[in-house]
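See below for the structure under consideration.
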Amino acid sequence: MIPREKPPAYKTTKVTAFDWNTFIGGLNTLLRPNEIAANDLAQADNLMLIGKGVPTKRWGMGNYFMAGATGAVRGMSGFYKSDGTNELIALTDEGILSKKNGASFTPITGVSWASGNAVQMAQLADTMYICNGQRALTKYSSPTLVGFATLATPVILGASNISNATGTSIKGYRVSAISTVGETLASTEYTLANQPTDLGGTAGGVIRLQWTGVSAVSGMVKGFNIYGRTSGDETFLGSADAASTTFLDDGTSVPTIFTYPPFADTTGGPIAKYVVRYQDRLIYAGIDGSPSKVLITGRWPNHEKFDLSYGGNYILIEPDAGDDITGLAVFKERIIVFKQRSIWQITLSFVQAGNFFVTQPDLTLVTSAKGCIAPNSIQFVENDLYYLSQRGVHSLGYQQGFTLDALRTNEMSYKIRNFFEGLTYAQMQGACATYTDFKYILSFPGSGRTMCYDVQRAAWMGPWSYDANVAITYKDSSNANHYLVGSIDSTAVDEVSEKYPDDKGTTIPTILATKKEDFGDWSLFKTVKSIFTQMKNVSGTVGVNLQLEERSGNIITAKSFNIVPSTGVTGWGTDMWGSIMWGSTLGKATTTGSDTSDVIRWANINRAARTMQLNVSTSNINDKYELLAIRGEAKAIGSGFRPSNWRT
């Protein structure tokens, strides 16, 4: 007999499975759906993360109060008084400051503003300081709202060397007036030729400078600043009191380096776009006519004064370099100045000038690689500053492994970098953000979109289907935090909160898309056997679609099913119990049932595909779910199943 070979043992194709039990990576649109990680999402419309990375529907929106009679909301802030009470104040295009009064508002009269300009506010010493880049400084100390009066610029009448000393040098002088608020522009330069190089003594002599006084309301003029001595490059030389109209320059005063005459009149308060509180000072920028200037006030109680004698000063950051200031912030002991294409830091030191000390701003470049496009995007987030550049959201702070004193920037939005490419410049420039519940929430007015960065989970989610002109976190009199947004097309100020299931009666539709799964081998087709989903706190109807890529390359929906809570719809007025009617048969349910326990669903597929992707959606007001896990099982098909058109 011819021995027969024993046939090889039959081996079944191994089942390959995936098990996704967290989506903590959040939204990733930088990569294609088949390239993202298993814990990333390809789409996360109107979703947020909870727990260990569980997607669920975002917070809804309800009206908090109306901020005015007409126009969009341009600015908003909590005003927290020293007596323990607080007010919520806002400004709309109506041009009138208002404060919340129930669901409506109470106007605050005394000053009005032109429409169409963003408003910034900063509080110090029970007073709120308000600026919008169009009107001079205004302050509100409940219930009083006032602006400031402007002084005239002094005129130099003449100068002479009263010792009759001569030489070959040209001396130059300028004089400005000081009010309780700020400083005028300096006078036109007055030059004196044929003077000694060094003043003082018999050889140098003394130059006597004389100017006109300035008329104003009693007590408004506090004195004069004198700038000299190098013609064309005058810097701060000394001060004179309000009654003086002369100054003797005997060479003993040393001109202060970099402290130049004002570029703008600030006696009526500066016309500024940006204001922040720095310790017990106020810092202003976006100065009308001087877009690279930063104004620094004196320390409290001189925080409304900018002149040198009260501890104020200013600094120009690369003036006329085509890189304007776009925002201010404070980081620990530093003043952070954002420009269009760079970021700078200012620290304060003190230089002795005569009988007093001058506040000296010291400037350091943080980065010239990127700046800030949206002033209202700047927010303090835990230990860092977040801000929006033209390339996305970045952080500014200390970085592990580098010198503790060195600030560094990092890109936070690389996973959604292409999202920003779909926005207009105006939408980027008007973006506003707040930080609440460990979430940096960034809204783009005019786009209908808001993005959410979950700081605890380092994940982006969204977009959320609303936008805003203004966003703040307001702490009310009971110490409850409220995330508030000001509308772009009405005077409404709305609260975004988990207590609202919809956006003021409008459904919040959600869409979730997972990665495209290839079960570990992109080149082989598989028989997709089954799909499992695990959810919790399901209410309403949750739609699930399974999409497969067929051998032809087409994407088909291989399975669609709905997940509904087992408890169904409940509420009196929906049914008849025996012979007794509860409510009316014409009534409708007052609530929608929900499953608080796990809801597990299994679908048998048995379809050939190269990749699979799961989509989960909701479309009704009460629809909601928490997606805990997804599991899929498949068996590989041999290489002979590959399409013939793949062959070359």
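Are any residues in region 332-354 assigned to a strand (DSSP E or B), open to solvent by less than 60 Å² (accessible area, probe 1.4 Å) and closer than 26 Å to Tyr227 by Cα, and if so, which ones? Spell out the reasoning first.
Here is the first cut: in region 332-354, the residues assigned to a strand (DSSP E or B) are 334-339, 343-353.
Applying the additional criterion that residues be open to solvent by less than 60 Å² (accessible area, probe 1.4 Å) yields 334-339, 343-349, 351, 353.
Within region 332-354, Ile346, Thr347, Leu348, Ser349, Val351, Ala353 qualify.
Name the one entry in Leu145, Leu137 that is among the hydrophobic types (A, V, I, L, M, F, W, C), closer than 30 Å to Ala67 by Cβ, in contact with a strand residue (DSSP E or B) (Cβ under 7 Å, 6 or more places away or on another chain) and surrounded by fewer than 21 Cβ atoms within 10 Å (Cβ to Cβ).
On the way: Leu137 fails: surrounded by fewer than 21 Cβ atoms within 10 Å (Cβ to Cβ).
It is Leu145.
Does region 182-215 hold any residues that are among the hydroxyl-bearing types (Ser, Thr, Tyr) and surrounded by fewer than 23 Cβ atoms within 10 Å (Cβ to Cβ), and which are they? Walk me through it before giving the result.
Just the residues of region 182-215 that are among the hydroxyl-bearing types (Ser, Thr, Tyr), to begin with: 184, 187-188, 190-191, 197, 202, 212, 215.
The answer is Ser187, Thr188, Tyr190, Thr191, Thr197, Thr202, Thr212, Ser215.
Restricting to region 58-98, what's the tally of residues that are in a loop (DSSP other than H, G, I, E, B) and of a type outside the set (S, T, N, Q)?
Filtering region 58-98 down to residues in a loop (DSSP other than H, G, I, E, B) leaves 58-59, 67-72, 81-85, 93-95.
Add one more test, that the residue is of a type outside the set (S, T, N, Q), and what stays is 58-59, 67-69, 71-72, 81, 83-84, 93-95.
Residues in region 58-98 being in a loop (DSSP other than H, G, I, E, B) and of a type outside the set (S, T, N, Q): 13 in total.
Could you please find all residues in region 480-499 being of a type outside the set (Asp, Glu), within 29 Å of Ala374 (Cα to Cα) and outside any strand (DSSP E or B)? Can you show your working first?
In the first step, residues of region 480-499 are kept if they are of a type outside the set (Asp, Glu); the result is 480-488, 490-493, 496-497, 499.
Now restrict to residues that are within 29 Å of Ala374 (Cα to Cα): 480-488, 490-493, 496-497.
Of everything in region 480-499, those that are of a type outside the set (Asp, Glu), within 29 Å of Ala374 (Cα to Cα) and outside any strand (DSSP E or B) turn out to be Ala480, Ser487, Ile488, Ser490, Thr491.
Among the numbered conditions (1) surrounded by fewer than 21 Cβ atoms within 10 Å (Cβ to Cβ); (2) more than 19 Å from the chain's Cα centre (by Cα); (3) modelled with pLDDT of 90 or more, tell me where Gly268 comes up short.
(3)
Test each condition in (1) at pLDDT 95 or above; (2) surrounded by 19 or more Cβ atoms within 10 Å (Cβ to Cβ); (3) within 17 Å of Gly327 (Cα to Cα) for Thr409 and report the one that comes out false.
So the condition that Thr409 fails would be (1).
Of the residues that sit in region 362-385 and are out of contact with any helix residue (DSSP H, G or I) (no Cβ under 7 Å at 6 or more places or on another chain) and open to solvent by less than 10 Å² (accessible area, probe 1.4 Å), which one is nearest to Thr347 (Cα to Cα)? Don't jump to the end; show me each part of the working.
Filtering region 362-385 for residues out of contact with any helix residue (DSSP H, G or I) (no Cβ under 7 Å at 6 or more places or on another chain) gives 362-372, 375-385.
Subset that is open to solvent by less than 10 Å² (accessible area, probe 1.4 Å): 371-372, 377, 381, 385.
Values: Gly371: 19, Cys372: 20, Ser377: 23, Val381: 21, Leu385: 17 Å.
That would be Leu385.
Give the residues of region 462-479 that are within 21 Å of Asn86 (Cβ to Cβ) and in a loop (DSSP other than H, G, I, E, B), sorted by residue number.
Going through region 462-479, the residues within 21 Å of Asn86 (Cβ to Cβ) turn out to be 470-479.
Selection gives Asp476, Ser477, Ser478, Asn479.
Does at least one position in region 98-114 carry a residue that is under 13 Å from Thr491 (Cα atoms), modelled with pLDDT of 95 or more and open to solvent by less than 10 Å² (accessible area, probe 1.4 Å)?
Within region 98-114, one or more residues are under 13 Å from Thr491 (Cα atoms), modelled with pLDDT of 95 or more and open to solvent by less than 10 Å² (accessible area, probe 1.4 Å).
State all residues of region 177-206 that are without any contact (Cβ under 8 Å) to a residue 60 or more places away in the chain and either in a loop (DSSP other than H, G, I, E, B) or under 14 Å from Thr245 (Cα atoms) (or both); if no residue qualifies, say none.
Taking region 177-206 as the starting set, the residues that turn out to be without any contact (Cβ under 8 Å) to a residue 60 or more places away in the chain are 187-206.
Within region 177-206, Ser187, Thr188, Glu189, Pro196, Thr197, Asp198, Leu199, Gly200, Gly205, Val206 meet the criteria.
So Thr326 fits all but one of (1) at pLDDT below 95; (2) closer than 24 Å to Tyr387 by Cα; what number is the exception?
All conditions pass for Thr326, except number (1).
Would you pick out the residues in region 422-446 that are farther than 28 Å from Lys99 by Cα and polar (S, T, N, Q)?
Going residue by residue through region 422-446, those that are farther than 28 Å from Lys99 by Cα are 422-426, 428.
Matches in region 422-446: Thr424 only.
Please name all residue pairs, on different chains or six or more residues apart, with Cβ atoms under 6 Å, provided the first residue is in region 218-234 and is farther than 16 Å from Leu151 by Cα and open to solvent by 30 Å² or more (accessible area, probe 1.4 Å) and the second residue is assigned to a strand (DSSP E or B) and modelled with pLDDT of 90 or more.
If the second residue must be assigned to a strand (DSSP E or B) and modelled with pLDDT of 90 or more, the pairs left are Arg229/Lys171; Ser231/Ile170; Ser231/Gly172; Ser231/Thr191.
The values are calculated or read from the model by the stated rules, or taken from the named source; none is laboratory data. What you are looking at is a predicted structure, and each value in this text was computed from that prediction instead of being measured. Every residue, glycine as well, gets a Cβ built from its backbone with ideal geometry; the counts of neighbours run over all protein chains shown. When the accessible area is computed, the model is the full protein with side chains, heavy atoms only, and any ligands, DNA or RNA have been set aside. Shrake-Rupley method; radii C 1.70, N 1.55, O 1.52, S 1.80 Å.
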